[in-house]
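S.K.: First, the structure itself, so that you have it in front of you.
None of the figures in this text is laboratory data; all of them are computed from the coordinates on show. If you're wondering where the values come from, they're calculated on a predicted model, not measured in any experiment. So basically every Cβ, Gly included, is an ideal-geometry build from the backbone, and we count neighbours across all protein chains shown.
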Amino acid sequence: MRMRMDAAIGRAPPLAYNELQAQLKLEAHDLVEEFTEKNKHNVLNAVSDSITAFTGFGILLKDTEGRGILFRTLSRIFSGLSDTAKAFMIIASTDILLGYHSEEGWTAAIHLITHHYGSEVEEAPIYTFVAIVPVTMDALFKYWIFKGLNRKNPAAAVTLKNMDRH
């Protein structure tokens, strides 16, 4: 259609039927090559991300000296912070991930991930996901605060509760 329009407005010389068919075949071949390259790229993304995730989880699950050192170091860093700093970090991270203003962030992240793997998702499942997952994560996080953090660091839990009221 574009080739006929170009010929009709004088941007291209008129094409005979055989030339038109050859040109269409060439453009169809280009589209197939482009689609094939996109599919290869999407499969490569999925395979490389899967390998990376399995390797990372394998390293974290394997009980090694390096993993122990990493966890002890992170624990020392977190326990070395003041109670106010701990509470601030917890509130800031939960507000970023679960706060009232995070709907656009979750939607953008889902679009980014699905585009990375070459997929397009309807809006309704995204809105359903955004309505359910952050609320569930927020409930689990609050459960962790009231059960786990109260036992492990009561002062940080009290500070967090006081900061969360304001």
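S.K.: Any idea what the relative contact order of the chain is, in percent, if you count C-alpha pairs under 8 Å spaced at least 6 apart?
M.R.: 23 percent.
S.K.: From zero outward in steps of 5 Å, how is the percent of C-alpha pairs of the stretch 19-104 spread across the bins?
M.R.: The distribution over the stretch 19-104 is 2, 11, 8, 9, 9, 13, 12, 8, 6, 6, 5, 4, 3, 2, 1, 0, given as percents.
S.K.: Something else now. How far apart, in nm, are two points set 7 Å out from the Cα along the Cα-to-Cβ line at Leu26 and at Ile113?
M.R.: Placing both labels 7 Å beyond Cα along the Cβ direction yields 4.4 nm.
S.K.: Here is a follow-up. State to the nearest 20 debye the size of the charge dipole of the chain about its Cα centre, where the only charges are +1 on K and R beta carbons and -1 on D and E beta carbons.
M.R.: About 1040 debye.
S.K.: Give, as a single signed number, the net charge of other residues whose beta carbon lies under 14 Å from the beta carbon of Thr128, with Lys and Arg counted +1 and Asp and Glu -1.
M.R.: -3
S.K.: Say a site is exposed when it is one of the trypsin sites (Lys or Arg not before Pro), sits in a DSSP loop, and has at most 16 other Cβ atoms within 10 Å; what is then the longest site-free stretch of the chain?
M.R.: 63-166
S.K.: So what J values fall out for the stretch 131-148 if you push phi through Karplus, 6.51 cos²θ - 1.76 cosθ + 1.60 with θ = phi - 60°, rounded to Hz, Gly and Pro as x?
M.R.: Running phi through 6.51 cos²θ - 1.76 cosθ + 1.60 with θ = phi - 60° gives 6, 9, 5, x, 5, 5, 4, 5, 5, 5, 5, 5, 4, 4, 4, 6, 9, x Hz.
S.K.: Please give, to one decimal in nm, the separation of the simple spin-label points placed at Ala7 and Leu140, each 7 Å out from Cα toward the Cβ.
M.R.: Those two pseudo-labels are separated by 6.2 nm.
S.K.: Another question, if that's okay. Could you work out, for the stretch 84-143, what percent of all Cα-Cα pairs fall into each 5 Å distance bin, beginning at 0 Å and stopping at the bin that holds the largest distance?
M.R.: 4, 18, 23, 21, 15, 11, 5, 2, 1
S.K.: Next up: Please list, or write none, the lysines whose alpha carbon is within less than 30 Å of the alpha carbon of Lys152, excluding same-chain residues fewer than 8 places away.
M.R.: Of all the lysines, those that pass the test against Lys152 - Cα under 30 Å, at least 8 places apart if same chain - are Lys62, Lys86, Lys142, Lys161.
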